[in-house]
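The values are calculated or read from the model by the stated rules, or taken from the named source; none is laboratory data. Note that the coordinates shown come from a computational prediction; the quantities given were computed from them, not determined experimentally. Virtual Cβ from ideal backbone geometry, glycine too; neighbours counted across all protein chains shown.
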Amino acid sequence: MSLYVNSRQELLPTQTLALSHLIQRRIGHEPTAYITGHKEFFGIDFKVSPSTLIPRPDTELLVETAIELANTAFPQSCLIADVGTGCGAIAIALALHLPQANIYATDISAAALEVAKSNCRKHRVSTRVRLLQGDLLEPLPEPVQLIVANLPYISEPELPELPLEISMFEPQMALAGGTDGLMQIERLLSQASSKLSSSGAILLEIGYDQGSAVKSLAQKCFPTAKISVVTDLSGNDRVVRIFTDL
């Protein structure tokens, strides 16, 4: 922005060199969010790094759905698990919009949790967002009422087709969902019965064509659950909503 405001001001040689370096990084397909070190999500500014997936607008529907569900089903007190938290965007957005909530945010990556820790401090939610390192739901010390997860759901055949900005720079373990894209989702569902309170709920972000498959997986793990798919503004499958009665 300052380049436009001060368009007649000549850059110093060091500034010219720094600008050229930034331009070369972008020409090399490095995402702008990694170059600047931050990304806005749900109206909130987050620090990001190559250790974390870049938050995307598609995931805002998951947050909106979680906020609505928590305010309706758990208006007084709500214990939430954000699984695969990355930079902490989902957990922090929920903490800022749900004053009644306490949140466990898990991730297998220590480097990602360091970024999430920085974001929790920035937005002053460290007392209500507890960061836990480990695989999916395994680190949870107690059952929760709501599980929210944006897990890897890109299938093996789709990975080579991703834009270079994604495939070259974003962490593969935050993208790759196995042969059909559902490996991590299936693993989470298999763990969930022991980590979810009675009459709890699970919200999962999914790929645009995965609604039926994820509903079938959820039905196997929770035969009596009420399961539905929430579509985005384009009419694509985006969130699977599971109400359990354990």
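A few comments on the model shown:
- Contact annotation: residue pairs with Cβ atoms under 8 Å, 6 or more positions apart or on different chains, pairing a residue in segment 147-174 that is of a type in the set (F, W, Y) with a partner that is not in a loop (DSSP other than H, G, I, E, B), are Y153/Q184; Y153/I185; Y153/E205; F169/Y34.
- Residue count for segment 99-119, restricted to those that are surrounded by 21 or more Cβ atoms within 10 Å (Cβ to Cβ) and either more than 18 Å from V144 (Cβ to Cβ) or among the aliphatic types (A, V, I, L, M) (or both): 8
- Looking only at residues in segment 147-162 that are assigned to a loop (DSSP other than H, G, I, E, B) and in contact with a helix residue (DSSP H, G or I) (Cβ under 7 Å, 6 or more places away or on another chain), the one that is surrounded by the most Cβ atoms within 10 Å (Cβ to Cβ) is N150.
- Residue within segment 20-31 that is more than 15 Å from the chain's Cα centre (by Cα), within 21 Å of I202 (Cβ to Cβ), outside any helix (DSSP H, G or I) and not aromatic (F, W, Y) present: no
- Of the residues making up segment 32-47, those that are among the hydrophobic types (A, V, I, L, M, F, W, C) and either assigned to a strand (DSSP E or B) or in contact with a His (Cβ under 6 Å, 6 or more places away or on another chain) (or both) are F41, I44, F46.
- A213 vs. criteria of a type in the set (A, V, I, L, M, F, W, C) and out of contact with any strand residue (DSSP E or B) (no Cβ under 9 Å at 6 or more places or on another chain): yes
- Set P31, P55: member being buried (at least 17 other Cβ atoms within 10 Å of the Cβ), at pLDDT below 95, touching a helix residue (DSSP H, G or I) at 6+ places or on another chain (Cβ under 8 Å) and under 22 Å from M173 (Cα atoms): P31
- Close pairs from segment 118-144: first more than 11 Å from A105 (Cα to Cα) and modelled with pLDDT of 95 or more, partner assigned to a loop (DSSP other than H, G, I, E, B) and hydrophobic (A, V, I, L, M, F, W, C), Cβ under 6 Å, at least 6 apart: N119/C87; D135/I108
- Residues considered: S216, S234, S167, S193. Of these, the only one that is among the small types (G, A, S) and closer than 24 Å to A73 by Cβ is S193.
- Taking segment 86-105 as the range and being in a strand (DSSP E or B) and in contact with a Ser or Thr (Cβ under 6 Å, 6 or more places away or on another chain) as the test, only A105 passes.
- Test: residue in segment 127-146 that is surrounded by fewer than 15 Cβ atoms within 10 Å (Cβ to Cβ), assigned to a helix (DSSP H, G or I), within 17 Å of the chain's Cα centre (by Cα) and of a type outside the set (V, I, T): no
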